[in-house]
Amino acid sequence: MIYTLTFNPSLDYIVTVPKFTCGMVNRTTEEIIFPGGKGINVSMVLKNLGFENTALGFYAGFTGMELKRLVADKGIHAEFIPVDKGMTRINVKLRSEQESEINGQGPAIAASDIDKLYEKLDALCDGDILVMAGSIPDVMPQTMYMDIMKHLQGRNLKIVVDATRDLLVNVLPFHPFLIKPNNHELGEILGVEIRGKEDAVIYAKKLQERGARNVLISMAGDGAVLVAEDGSVYQAEAPKGKLINSVGAGDSMVAGFLAGYLEHGTYDKAFQMGVCTGSASAFSEELATKAEVLDLLEKNQNLF
């Protein structure tokens, strides 16, 4: 079974204002609400690709109830933990001449809530996959992902981490199966500027030296790089298409990578599926469907 964990899920309220002006009343021409959060995005794309999974996380307030409803509408099994204080955040994403975002804070997750999460994690079995993705509320320690990996040590699990800064760096000694920083996050971690794929390969290997098994680097319009644990290195240009929605593209890449790996058992197929799934989401109003991914994969074999 595949599990995803989102500490700080959201309702993503996406609005389009053709010419946004500060200090004025602006009227939208389009409004959409999605269940959001990196782990939930991974769950939704995996479901679209035909892989059942369980979404773990926290919810609170009336916004949390709506999050649960929207996730259920997507056909995803969720085992969310209720939190007493605060509410599930609303992230406002404004599309105009420039894209802007206002992200909410999220609920106050207590120690007792974390204990309930560990109870659910204790039910994971050998062979299961756990994807931990996204930020955590400010009240929680930046060791949270590391603490979970430490707690799960000794089990035959594949753990994927898609996070930034200390959340990611702290897990490296526990040998995550896959990490997926983008090129900017990779440079930030190592204090360098990533100028291209050659740099990405060099510095991805440094994260391998610190414990990561497989390092997948997303580079937006410049493509992607995978440095695999068997010593293989894969590079690809980004498929061509019109960028419609950048939200969730990186999460889609993670889902596609897992889908390709589970279906074929090889890193080259996992990489191809990851790249095309991420791009398919970027070219769509919503997260990628299986038909969109397969169509993009067929048309872009020359990239691999």
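The residues of region 55-84 that are closer than 28 Å to LEU124 by Cβ and surrounded by fewer than 16 Cβ atoms within 10 Å (Cβ to Cβ), listed by number, are MET65, ARG69, ALA72, ASP73, GLY75, HIS77, GLU79, PRO82, ASP84. A residue that is touching a residue at least 12 places away in the same chain (Cβ under 8 Å), over 26 Å from ALA259 (Cβ atoms) and in contact with a strand residue (DSSP E or B) (Cβ under 9 Å, 6 or more places away or on another chain) occurs somewhere in region 64-80. Criterion applied to GLY86, GLY134 was being at pLDDT below 95, within 25 Å of ILE33 (Cβ to Cβ) and under 18 Å from the mean Cα position of the chain (by Cα), and the one residue passing it is GLY134. If you go through region 212-238 and keep only what is touching a residue at least 40 places away in the same chain (Cβ under 8 Å), out of contact with any Gly (no Cβ under 9 Å at 6 or more places or on another chain) and not aliphatic (A, V, I, L, M), you end up with ASN214, GLY223, TYR234. A search for C-beta distances below 8 Å between a residue of region 137-158 that is closer than 19 Å to ALA108 by Cβ and any residue that is open to solvent by 70 Å² or more (accessible area, probe 1.4 Å) and not in a helix (DSSP H, G or I), counting only pairs 6+ apart in sequence or on different chains, returns PRO137/GLN105; ASP138/GLN105.
Scanning region 202-245 for residues that are under 13 Å from GLN272 (Cα atoms) and at pLDDT below 90 yields a total of 1. If you go through region 254-282 and keep only what is under 18 Å from ASN182 (Cβ atoms), aromatic (Phe, Trp, Tyr) and either within 14 Å of the chain's Cα centre (by Cα) or open to solvent by 30 Å² or more (accessible area, probe 1.4 Å) (or both), you end up with just PHE257.
Of everything listed in (1) without any contact (Cβ under 8 Å) to a residue 40 or more places away in the chain; (2) under 19 Å from ASN183 (Cβ atoms); (3) more than 14 Å from the chain's Cα centre (by Cα); (4) open to solvent by 10 Å² or more (accessible area, probe 1.4 Å), the single unmet condition for ALA249 is (3).
The values are calculated or read from the model by the stated rules, or taken from the named source; none is laboratory data. These figures come from a predicted structure and were not determined experimentally. Cβ coordinates were reconstructed from backbone atoms using ideal geometry, including for glycine residues, and neighbour counts include every protein chain displayed. Ligands, DNA and RNA are stripped out before the accessible areas are found, and what is left, the full protein with its side chains, is counted by its heavy atoms. Shrake-Rupley method; radii C 1.70, N 1.55, O 1.52, S 1.80 Å.
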